[in-house]
1. When you go through Y64, Y111 one by one, which is the residue that is of a type in the set (F, W, Y), assigned to a helix (DSSP H, G or I), surrounded by 15 or more Cβ atoms within 10 Å (Cβ to Cβ) and in contact (Cβ under 8 Å) with a residue 24 or more places away in the chain?
2. For region 392-409, enumerate the residues that are β-branched (V, I, T) and open to solvent by less than 20 Å² (accessible area, probe 1.4 Å).
3. What pairs can you find where one residue is in region 324-338 and at pLDDT below 95, the other is in a helix (DSSP H, G or I), and their Cβ atoms are less than 6 Å apart, with a gap of 6+ or different chains?
4. Do any residues in region 117-133 that are basic (K, R) have Cβ atoms under 6 Å from those of residues that are in a loop (DSSP other than H, G, I, E, B), where the two are at least six apart or on different chains, and which pairs are they?
5. Return the only residue of V151, V199, V178, V158 being within 24 Å of D137 (Cβ to Cβ), touching a residue at least 60 places away in the same chain (Cβ under 8 Å) and surrounded by fewer than 22 Cβ atoms within 10 Å (Cβ to Cβ).
6. Going residue by residue through region 239-262, is there one that turns out to be under 20 Å from S49 (Cβ atoms), touching a strand residue (DSSP E or B) at 6+ places or on another chain (Cβ under 6 Å) and touching a residue at least 60 places away in the same chain (Cβ under 8 Å)?
7. Restrict the check to region 291-308 and report whether at least one residue is touching a residue at least 60 places away in the same chain (Cβ under 8 Å), closer than 30 Å to A170 by Cβ and not charged (D, E, K, R).
8. For region 377-391, give me each residue that is part of a helix (DSSP H, G or I) and either open to solvent by less than 40 Å² (accessible area, probe 1.4 Å) or not small (G, A, S) (or both).
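The values are calculated or read from the model by the stated rules, or taken from the named source; none is laboratory data. Please read all numbers here as calculations on a predicted model, not as lab measurements. Methodologically, a virtual Cβ is constructed for each residue, glycine included, from the backbone with ideal geometry; neighbour enumeration extends over all protein chains shown. The accessibility values were calculated without ligands, DNA or RNA, using every heavy atom of the protein model including side chains. Shrake-Rupley method; radii C 1.70, N 1.55, O 1.52, S 1.80 Å.
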Amino acid sequence: MQYRNIFLASMAVLALTATSCSTDDAPAELAVPTAYSFNRNATTSVDFSGQKSRLLMLDAMGEYIKVNATIGVNDTKLVAMYSNTGSPFSASDLNASGKQLFDKTASSTDYFSLNLGGGSSVEQQAVRNLFSATFVDAKNASQGATAAAGVAGLYLDVSTSGTSKRLFAANGLEPQQVLLKGMMGACFMDQIVNNYLSVNKLDAVTTKADNTNKVLVSGKNYTEMEHNWDEAYGYIYGADDLTTTPSTPVYKFWSSYINQVNADVDFNTVSADINLAFRKGRAAITANDYATRDAQINIIKTKIALIPAVRAVFYLQEGKGKLTVDGGAKAFHALSEAYGFIMSLRYTNKPGTNNPYFSKSEVDTMLASLTSGTNGLWDINTLPAKCDAISIQIATKFGFTVTQAATVN
């Protein structure tokens, strides 16, 4: 009995000692800034200029289609903008940036170099061809015909006194929206979660050791790991303009849609969660705290995937509600946005799996279902059931209800 008491007392001391050692060895609390601002030697160490350029390039491509909807879209011009060849942009800094969207389309480390998540070079080429096809669709629809079942053309929304002019392909899809939302997935989402937040890239070769020892990229004020993280951040927030006069800030692409989803009471923490995770992860990299960095990666991957899921369901339901107007044409803009956001789901990354929340096959099936039939979206009698089925499939996967997403505007 005496031996047992001595043994238990010894274990208690050992346990206390172990706890004390653990506390003493724990990393110091991270200094997380309130804004995405990091400095070294009193100079910023943040740079995402390349990401800003690509965001603005896609913005310019969408605007080009919109402006030329009634006077003729030149698909060759769009090809040049896609690859940034021949100074196609009105902004000289974009022409001189050395950046392009083409080479970053479906080109992440995880999915298209390591071929995780079902990725392959064949898929990469097919995705790039798909976007090239939207350029031709936009051209064909801008030749003066009125959009109708099986006819590519222009739709004037009379509810806006004809100020809303949209081009529809023969199947009712709007090329501009397929390009914009699809590229947000195939380029921006893919680069964020499958490339720059990929541990395979962040820790590649000497990158982790260099960051630990603060070996900077030649001629730069950042380590490669810091820069990778900044580039992921830039694909969301890089083209935001918070200084616009008089006081209306501008948000682009994922940043804008994060705000829209966040405005709904059911999802009103997503913006703060993503933003904090980016700041905390960057601070962790500076502090060589890789466990905290990886935890933030998982938060970002989880939260950012929610955005296309919620928006896809919202637009499916909005489109379904407008099918009784203008023979269904009033609905096609919303349904085309839904189509693009569903495309984006293929490029999400579910933490712990190295796979998207929906496989390529599942996404392709949803897209094919939405446009199935002789005339695609123009077969409006079939659309309500399709919209509901796809909405339920997406909402169920992410754990929200169709009703919750349908009210996010």
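1. Details: Y64 fails: in contact (Cβ under 8 Å) with a residue 24 or more places away in the chain.
Unique residue meeting the criteria: Y111.
2. Residues satisfying the conditions are I394, V408.
3. G328/I380
4. Matching pairs, first to second residue: R128/T105.
5. Sole residue among the options that is within 24 Å of D137 (Cβ to Cβ), touching a residue at least 60 places away in the same chain (Cβ under 8 Å) and surrounded by fewer than 22 Cβ atoms within 10 Å (Cβ to Cβ): V158.
6. no
7. yes
8. L377, W378, I380, N381, T382, L383, P384, K386, C387, D388, I390, S391, listed by residue number.
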